[in-house]
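This report concerns only the one structure given below.
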Amino acid sequence: MSLSIKDILQQKPVGTTHEVKGWVRTFRSNRFIALSDGSTIKTLQLVVDFEQLDEATLKKVATGAAIIASGDLVSSQGKGQDIEMLVSKLEVVGESNPEEYPLQPKKHSLEFLRDIAHLRMRTNTFGAIMRVRHHLAFAVHEYFHKRQFFYLHTPIITGSDAEGAGEMFNVSILDKKNPPLTEDGQIDYSKDFFEKETNLTVSGQLEAELGAMALSKVYTFGPTFRAENSNTSRHLAEFWMIEPEVAFADLNDNMDLAEDFLKYVISSTLNHCVDDLEFLEKRLLDEEKSKPEKDRSPRPLREKLQFVAENNFRRVSYTEAIDILRNSKPNKKKRFKYIIDEWGADLQSEHEKYLVQHFNAPVILFDYPAKIKAFYMRLNEDEKTVRAMDILFPGIGEIVGGSQREERHDVLLGKMNDFGIDSKELQWYLDTRKFGSCVHSGFGLGFERLVLFVSGMTNIRDVIPFPRTPGNAEF
């Protein structure tokens with residue numbers, strides 16, 4: 001009977017015979033194999049006996065090899081494990097050349113591991129991250145399902161730009177060397193597959209709003225794409241977005257939903273990823289020993305997660321935040337890279353992190369200047385601000401962006417004209433404001449930003465299996 005290593009270590013079925021399958025982490029003293037199958041960060045110790053097993057087979061056992069072993073499970077006499085297997089049968093099903101295998105049992109840099117992303121999930125660090133990522137994704141679906149949200153699959157190929165930023169990947173089957181042209185020399189997309197210019201989506205929000213106008217509560221969770229040439233530790237060209245939309249919900253409802261959602265998925269992961277988070281916390285503490293004390297995290301990883309999960313988020317208007325930043329020591333002494341001089345400034349990461357430190361809590365900023373936010377956000381009565389909200393987390397800055405949507409047809413049309421957005425291209429979106437429009441709200445959460453926060457990693461390229469960044473589309 002085959003059990004996962006996680007099951008064996010949890011159940012400790014001493015006195016039974018089982019089969020295990022996995023990859024060799026180490027083989028020491030020609031007797032002890034540390035076996036991993038990915039189900040847990042821990043390994044199972046296999047004890048082999050040269051006199052009982054074929055010598056030719058044992059010579060093939062090397063770090064990275066795939067094996068199938070069976071034997072009796074017994075209480076371990078050594079340190080570091082409660083249970084081990086006395087191997088009676090062993091088969092090497094996938095050999096590994098120890099001279100060529102790049103993942104030797106030693107510490108490797110994250111930069112090196114990015115170059116071998118096809119193998120890095122076999123390491124403790126990336127195995128832990130992928131399991132944390134899985135449990136976060138599962139908790140996302142569990143949260144919305146329990147609250148009667150419907151999972152909506154919005155298009156990946158789209159003819160609209162939800163953000164109005166224009167930084168999108170084009171989708172076309174036209175001849176790149178000799179595309180058809182219009183009379184004025186422009187590419188004639190009417191000859192393309194979709195008979196119009198199309199791109200990879202930057203957001204499923206606009207389509208999710210349509211779903212909310214029929215199903216009341218929906219959410220998307222899918223890949224999105226930005227052709228932004230940003231080589232930073234916070235940006236990816238391909239990433240996953242979580243975007244709920246709720247009919248008959250205003251900005252306060254939206255803030256309540258986002259806070260409750262974040263607390264739920266973080267608490268769930270704390271409960272289900274105990275071993276992985278313990279390992280990631282220790283890794284982070286070891287890494288921070290080499291940093292100046294001012295750059296170290298004020299809390300260990302799990303304490304930071306519990307702090308967010310157990311404390312109320314502080315709700316602060318943009319106007320109040322600007323006053324705090326303008327009068328702060330870093331601003332007065334010009335330590336900020338971007339000095340805050342006046343109301344209307346677009347907040348940067350350094351400002352967001354300062355606000356979290358100032359309040360010693362996650363912060364929800366709301367009512368932003370209309371000029372620095374998207375066209376679809378509801379205009380306030382002062383006609384200067386919109387019903388927008390951003391959630392700021394310790395050490396990471398913005399993790400959620402959302403708003404109450406503009407439900408008034410004439411106001412939305414006017415804002416689209418102000419932003420230079422062709423109303424004909426989004427006629428279907430405007431139609432929802434003519435036929436049974438209602439107050440509605442939603443937010444977007446970059447899933448990798450969430451994994452980054454929960455795992456304690458510092459580079460977003462290390463929390464997705466195969467990162468897509470400028471100049472990098474390997475694997």
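The values are calculated or read from the model by the stated rules, or taken from the named source; none is laboratory data. Fair warning: this is a prediction, and the values are worked out from it, not measured in the lab. For neighbour counting, all protein chains shown are included, and Cβ atoms are generated from backbone atoms with ideal geometry for every residue, glycine included. These accessible areas exclude ligands, DNA and RNA; they are computed on the full protein's heavy atoms, side chains included. Shrake-Rupley method; radii C 1.70, N 1.55, O 1.52, S 1.80 Å.
Couple of notes before you dig in:
- Among residues of the stretch 234-255 that are closer than 19 Å to Phe393 by Cβ, those with a Cβ under 9 angstrom from a residue that is assigned to a helix (DSSP H, G or I) and β-branched (Val, Ile, Thr), sequence gap 6+ or separate chain, pair up as Arg234/Ile460; His235/Ile460; Leu236/Ile460; Phe239/Ile460; Ile242/Val140.
- One residue from Gly38, Gly64, Gly80 being assigned to a loop (DSSP other than H, G, I, E, B), under 36 Å from the mean Cα position of the chain (by Cα) and surrounded by 18 or more Cβ atoms within 10 Å (Cβ to Cβ): Gly64
- Meets criteria (open to solvent by 60 Å² or more (accessible area, probe 1.4 Å) and either in contact with a Gly (Cβ under 6 Å, 6 or more places away or on another chain) or free of Cβ contacts under 8 Å to residues at least 40 places away in the same chain (or both)) for Glu91: yes
- Among the residues making up the stretch 335-369, those that are assigned to a helix (DSSP H, G or I) and open to solvent by less than 20 Å² (accessible area, probe 1.4 Å) are His351, Glu352, Leu355, Val356.
- Of all residues in the stretch 251-260, at least one satisfies being touching a strand residue (DSSP E or B) at 6+ places or on another chain (Cβ under 8 Å) and farther than 19 Å from Lys146 by Cβ.
- Members of the stretch 400-421 found to be in contact (Cβ under 8 Å) with a residue 60 or more places away in the chain and surrounded by 21 or more Cβ atoms within 10 Å (Cβ to Cβ), listed by number: Val400, Gly402, Ser403, Gln404, Arg405
- Among the residues of the stretch 160-214, those that are surrounded by 18 or more Cβ atoms within 10 Å (Cβ to Cβ), in a loop (DSSP other than H, G, I, E, B) and hydrophobic (A, V, I, L, M, F, W, C) comprise Ala162, Met168, Val202.
- Residue in the stretch 227-236 that is in a loop (DSSP other than H, G, I, E, B), open to solvent by 20 Å² or more (accessible area, probe 1.4 Å), touching a Phe, Trp or Tyr at 6+ places or on another chain (Cβ under 7 Å) and at pLDDT below 95 present: yes
- When restricted to residues that are outside any strand (DSSP E or B) and either open to solvent by 50 Å² or more (accessible area, probe 1.4 Å) or touching a Phe, Trp or Tyr at 6+ places or on another chain (Cβ under 6 Å) (or both), the stretch 379-399 contains 6.
- Of the residues examined, Ala128 is one that is closer than 21 Å to Thr26 by Cα and under 17 Å from the mean Cα position of the chain (by Cα).
- Among the residues of this structure, Tyr143 counts as one that is among the hydroxyl-bearing types (Ser, Thr, Tyr) and either assigned to a helix (DSSP H, G or I) or out of contact with any Asp or Glu (no Cβ under 8 Å at 6 or more places or on another chain) (or both).
- Among residues of the stretch 212-230 that are among the basic types (Lys, Arg), those with a Cβ under 7 angstrom from a residue that is surrounded by 17 or more Cβ atoms within 10 Å (Cβ to Cβ), sequence gap 6+ or separate chain, pair up as Lys217/Phe149; Lys217/Val246; Arg226/Val202; Arg226/Ala237.
- Every residue from the stretch 113-134 that is open to solvent by 30 Å² or more (accessible area, probe 1.4 Å) and out of contact with any helix residue (DSSP H, G or I) (no Cβ under 9 Å at 6 or more places or on another chain): Asp115, His118, Arg122, His134
- Residue identified as within 30 Å of Phe466 (Cβ to Cβ), touching a strand residue (DSSP E or B) at 6+ places or on another chain (Cβ under 7 Å) and among the charged types (D, E, K, R) among Lys42, Lys21: Lys21
- Among the residues of the stretch 420-440, some residue qualifies, meaning at least one is in contact with a Lys or Arg (Cβ under 6 Å, 6 or more places away or on another chain) and assigned to a strand (DSSP E or B).
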